[in-house]
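The values are calculated or read from the model by the stated rules, or taken from the named source; none is laboratory data. Just so we're clear, the structure is a prediction, and the values are computed from it rather than from any experiment. Methodologically, a virtual Cβ is constructed for each residue, glycine included, from the backbone with ideal geometry; neighbour enumeration extends over all protein chains shown.
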Amino acid sequence: MSDFIDWEGFTPAFAAAELSRLLEASEASVKDVESAEGTGYEEFAWALDDATRDLLRTWKLVSHMLAS
């Protein structure tokens, strides 16, 4: 996703498809993070944050729209 949201294009159908895609991508990234060897807590935590950032950002947008 870009830094600017296309609110007109952010429809329920788009959000559902995007969340499904991001969930799959995040799960794959988290598995990679879990299988990494020799990392300390801080490296693990930052890698986990990176692996789920886009999913969390999109979910925050959906939550914002639901609250309106």
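Could you tell me whether L56 is part of a helix (DSSP H, G or I) and surrounded by 14 or more Cβ atoms within 10 Å (Cβ to Cβ)? Give the steps one after another, and end with the answer.
Details: part of a helix (DSSP H, G or I): yes; surrounded by 14 or more Cβ atoms within 10 Å (Cβ to Cβ): no.
No: the conditions fail for L56.
Residue by residue through the range 22-65, note down the ones that are closer than 30 Å to E8 by Cβ and of a type in the set (G, A, S).
Passing the criteria: A25, S26, S29, A51, S63.
Quick one: in the range 18-49, which of the residues that are more than 23 Å from D6 (Cβ to Cβ), charged (D, E, K, R) and loosely packed, with under 12 Cβ neighbours inside 10 Å is farthest from the chain's Cα centre (by Cα)?
So in the range 18-49, the residues more than 23 Å from D6 (Cβ to Cβ) come out as 27-49.
From what's left, charged (D, E, K, R): 27, 31-32, 34, 37, 42-43, 49.
Filter again for loosely packed, with under 12 Cβ neighbours inside 10 Å, leaving 31-32, 34, 37, 42, 49.
Numbers: K31: 14, D32: 15, E34: 17, E37: 23, E42: 20, D49: 9 Å.
Only one residue fits best here, namely E37.
List the pairs whose first member sits in the range 42-68 and is under 13 Å from A28 (Cα atoms) and modelled with pLDDT of 90 or more, whose second member is of a type outside the set (A, V, I, L, M, F, W, C) and not in a helix (DSSP H, G or I), and whose Cβ atoms are under 8 Å apart, counting only residues at least 6 apart or on separate chains?
A47/T39
Would you check which residues across the range 7-17 are surrounded by 11 or more Cβ atoms within 10 Å (Cβ to Cβ) and free of Cβ contacts under 8 Å to residues at least 24 places away in the same chain and list them? Steps first, answer last, please.
Of all residues in the range 7-17, those surrounded by 11 or more Cβ atoms within 10 Å (Cβ to Cβ) come to 10-11, 14-17.
Result: T11, F14, A16, A17.
Condition first: under 24 Å from V62 (Cα atoms), of a type in the set (G, A, S) and either in contact with a helix residue (DSSP H, G or I) (Cβ under 6 Å, 6 or more places away or on another chain) or assigned to a helix (DSSP H, G or I) (or both). Now tell me which residues in the range 1-46 satisfy that.
Those that are under 24 Å from V62 (Cα atoms), of a type in the set (G, A, S) and either in contact with a helix residue (DSSP H, G or I) (Cβ under 6 Å, 6 or more places away or on another chain) or assigned to a helix (DSSP H, G or I) (or both): A13, A15, A16, A17, S20, A25, S26, A28, S29.
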